[in-house]
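Every read-out reported here was derived from the displayed coordinates using simple, explicitly stated rules and does not represent laboratory data. Remember, it's a predicted structure, so these values are computed and weren't measured experimentally. When we count neighbours, we look across all protein chains shown, and the Cβ atoms used for this are built from the backbone with ideal geometry, even at glycine.
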Amino acid sequence: MNKNKLRIGAAALAASALLLAACGGDSSDSGAGSGDWVPGPLDEFQARIWGFSFDAADREGQEEAQARMDAESRMVENLVAECMAEYGFNYIPNESTSNRVHIMDEDDSGGVQWGTLEFAEEFGFAISTDPWRDSGDDLDGMMPEIENEWFDPNQEQVDAMSDSERDAWWEALWGPPQEGDWDPELAGCFGRAQNQVWSWSSPEQFSALEAEMNGLWEQIEADPRLRDAQVQWANCMADEGFDGLTSAWDLQDELWNEWAEMNGWVGNDDLWANWDWDLNPEGPVLPAPSEEDAAEFRAREIAAAVASFTCDAQADIDGVRMSVNHDHQQRFVDLHGAELEAWAQYAEANRAEREQLLDN
């Protein structure tokens, strides 16, 4: 795979994280949940650990968030250069950036608020529709235009290397292939630098706590109160003509998978693996559904989203979910409060140190 594309994609993940953190809030079972959600006690700890706020007044604006992303990207590049020097390479930090932060708000979807019946009626689950742009289904409209094309200042020296030198360069930059879960600390200079700046992995002393915390969400989903509400939702959906469902996540997964197949996003692994990115950097042209097929799918998506919203309200999925969620969160905090506080303080000190480096 083209290493430059990997690099751009990895950095883009950090931008996506900013966008998601800025949104704050919980996802309902249907994707069209109540606006009355409030954070629970564990949510508050997670906000401190991961550095986001539930208070809209405390969140960064577009320009502020973009400036921070640019500064962090420069820090990553400088750390990569220091690391590569340890391997005997002269890495030139890239001063250009393709990272763009876009903080979505209600106005981005034409004033139709996500999680309302009006949104479902107009955009469905936002699978084949684009709530953030008036024209067409081009999701690129969500992101601002990139003024300067991304340029790799190291490309010329890499092209001049022998095959063995080039292999050593790429392994130093990205690390050897990994099996199983991806570890940024084993992903070469770039992975380590990104992890140092964006903390993509948790400190080892909190790994056991994080694993237990991740397991909490499975306990919430298995809670009999939520299961009963989902059975009510499924019965309601069957009455609306959507049989065989257990949760709205299953419904959305089915629709996403169907839309992905219609657009050629899946089932083309050999095409992607064997593509000559140097010769054709734009990538392969994938099949697209006809206007008639796309319109038929969109109609089904919207009908499913409207039915799901209606059945959510009938079964009170959001209310039950929040009650169950908060109960499990409170028990977890009661049991692990001291450990969570230690992790939050560690993370806050880490961010303060990073902010000081960014300011200098």
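If the viscosity is 1.002 mPa s and the temperature 20 °C, what Stokes-Einstein diffusion coefficient in µm²/s follows for segment 239-335 when Rh is the Kirkwood radius over Cα pairs? Please list the in-between numbers first.
On the way: Rh = 17.1 Å.
This corresponds to a translational diffusion coefficient of 125 µm²/s.
Express in % the proportion of alpha carbon pairs of segment 181-276 at distances exceeding 22 Å.
Details: 2883 of 4560 pairs.
When every Cα pair of segment 181-276 is considered, 63 percent fall beyond 22 Å.
Explain nothing, just the number: relative contact order of segment 160-287, from Cα pairs under 8 Å at least 6 residues apart, as a whole percent.
Working: 63 pairs, mean separation 12.3, N = 128.
This gives 10 percent for segment 160-287.
Measure off 7 Å from each Cα along the Cα-to-Cβ vector at Glu121 and Glu179, then give the distance between these two points in nanometres to one decimal.
5.6
Using the Karplus equation 6.51 cos²θ - 1.76 cosθ + 1.60 (θ = phi - 60°), what ³J(HN,Hα) coupling, rounded to whole Hz, does each residue of segment 203-213 give in order, writing x for Gly and Pro?
Going residue by residue, I get x, 4, 5, 10, 5, 5, 5, 5, 4, 5, 5 Hz, with x marking Gly and Pro.
Can you give the FRET efficiency to the nearest 0.05 for Glu165 and Trp277, using r as the Cβ-Cβ distance and R₀ = 22 Å? List each step's numbers first, then the result.
Working: r = 21 Å, r/R0 = 0.93.
My answer for the efficiency is 0.60.
Could you order peptides 249-255, 273-279 by the average number of other Cβ atoms within 10 Å of their residues, highest first?
Details: 249-255: 16.9, 273-279: 9.6.
The peptides rank, most packed first, as 249-255, 273-279.
Once you put a point 7 Å from the Cα of Ala71 and another 7 Å from the Cα of Glu86, both along the Cβ direction, what distance in nm separates them?
Each label point lies 7 Å from its Cα, and together they span 2.5 nm.
What fraction, in whole percent, of alpha-carbon pairs in segment 288-347 exceed 20 Å separation? Write out the running numbers ahead of the final one.
Details: 1058 of 1770 pairs.
In whole percent, the share of Cα-Cα pairs in segment 288-347 beyond 20 Å is 60.
Which far-off residues, 5 or more places away or on another chain, put their amide H under 5 Å from the one on Tyr91, with H placed in the peptide plane?
It is Ala85, by chain and number.
Under the Karplus relation 6.51 cos²θ - 1.76 cosθ + 1.60, θ = phi - 60°, what is the ordered set of whole-Hz ³J(HN,Hα) values for segment 248-265, x standing for Gly and Pro?
5, 4, 4, 4, 5, 4, 4, 5, 4, 4, 5, 5, 5, 5, 4, 9, x, 7
Set the Förster distance to 30 Å, then compute FRET efficiency between Ala260 and Val112 from the Cβ-Cβ distance, nearest 0.05.
0.75
When the Karplus curve 6.51 cos²θ - 1.76 cosθ + 1.60 is applied with θ = phi - 60°, which whole-Hz ³J(HN,Hα) does each residue of segment 312-320 get, with x for Gly and Pro?
Karplus values, whole Hz, x for Gly and Pro: 4, 5, 5, 8, 6, 4, 5, x, 5.
Can you tell me the FRET efficiency between Gln345 and Glu204 if r is taken as the Cβ-Cβ distance and R0 is 22 Å, rounded to the nearest 0.05?
On the way: r = 17 Å, r/R0 = 0.76.
Plugging the Cβ-Cβ distance into 1/(1 + (r/R0)^6) gives 0.85.
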